[in-house]
Amino acid sequence: MNNTTPQQPTPKPSYGGIVFCLFLVSLLFPGGVYFAYSNVIQPLVVLNKARAWVETPAKILHLGTRSTSGGRSGGSTYIAIRYQYEFNNQTHASELFNPLNKITNSEYNVNNYKDYKSFYDAGEPITCWVNPANPTEAVIDRNPIFENLLWSNFIVFILLIGGLLCLLCVVLYFTKPEQLINGPVPSYFIAVPAVLTFVYSLFLLITLLPFLPWPWQTCLIFLPAFLLAILCYYRFSKSEP
């Protein structure tokens, strides 16, 4: 008589906790989209449009600086300015210095504060650029702040690519869990981030071309697209596993 106890099947490990954490991290993706729009795309669009805006004299109503804690050097300094101008016999006021001045470059702000302080103290007019289609829109500096742009894009790529990869992992877990656990990595894990990066980098290239010459560091903005292009070449030049 055989008294051997039948072996129980080994329970499969549960990855629910890991997948839930990946889902939470994937929320960085919509955050990255919003950050890219508000800190890079929309400001660059404004700067490009401002190249055709009308040069207009303005009077500084208020000039100062405001500081925040927790910046790259322990604190961040922003230029705080309010200026008044006339356009088509109507008086308008604005507080916009440069639309890219959201990820702060303290040296940029401190230097501009010193430059415009002499105009403010003497009551002399400054130059602003006014949107003729909407005179309530005006800027003082209509050139990209390249250091701010580099930092903004570094944050954008971390949020977008990191969040997107986690989102793809969650989708793969619910569609083909065995492939997520045992591999191989699907091709779209490379293709989708690459396409997104190429489209975004193409936008940057087109919007920044009118502002040539660039500081050499600006080329670092396109480094992620270059690295993904190499990765795509090696991935897709070989046959699918």
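Yes/no per residue for (1) of a type in the set (A, V, I, L, M, F, W, C); (2) part of a strand (DSSP E or B); (3) surrounded by fewer than 17 Cβ atoms within 10 Å (Cβ to Cβ); (4) modelled with pLDDT of 95 or more:
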| site | (1), (2), (3), (4) |
| --- | --- |
| THR65 | no, yes, yes, no |
| ARG82 | no, yes, yes, yes |
| THR91 | no, yes, yes, yes |
| LEU100 | yes, no, no, no |
| TYR120 | no, no, no, yes |
| ALA133 | yes, no, yes, yes |
| ASP141 | no, no, no, yes |
| PHE157 | yes, no, no, no |
Number of the exception - TRP214 against (1) closer than 19 Å to LEU150 by Cα; (2) part of a helix (DSSP H, G or I); (3) out of contact with any Leu (no Cβ under 6 Å at 6 or more places or on another chain): (2)
Residues satisfying the stated conditions in the range 180-204, i.e. assigned to a helix (DSSP H, G or I), out of contact with any helix residue (DSSP H, G or I) (no Cβ under 6 Å at 6 or more places or on another chain) and not aliphatic (A, V, I, L, M): ASN182, TYR188, TYR200, PHE203
Single match in PHE23, PHE29 (criterion: part of a helix (DSSP H, G or I) and surrounded by fewer than 17 Cβ atoms within 10 Å (Cβ to Cβ)): PHE23
Selection count where residues are out of contact with any Lys or Arg (no Cβ under 9 Å at 6 or more places or on another chain) and surrounded by 15 or more Cβ atoms within 10 Å (Cβ to Cβ), scope the range 172-188: 3
Which listed residue is touching a Lys or Arg at 6+ places or on another chain (Cβ under 7 Å), surrounded by 14 or more Cβ atoms within 10 Å (Cβ to Cβ) and either outside the structural domain of LEU204 (by TED's automatic domain parsing) or free of Cβ contacts under 8 Å to residues at least 40 places away in the same chain (or both), from LEU47, LEU61: LEU47
In the range 221-241, residue nearest to LEU47 (Cα to Cα) [restricted to those that are surrounded by 12 or more Cβ atoms within 10 Å (Cβ to Cβ) and in contact (Cβ under 8 Å) with a residue 40 or more places away in the chain]: ILE221
Verdict on ASN153 being in contact (Cβ under 8 Å) with a residue 12 or more places away in the chain and under 20 Å from PRO224 (Cα atoms): yes
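The values are calculated or read from the model by the stated rules, or taken from the named source; none is laboratory data. Note that the coordinates shown come from a computational prediction; the quantities given were computed from them, not determined experimentally. Cβ sites come from the backbone with ideal geometry, for glycine too, and all protein chains shown count toward neighbours.
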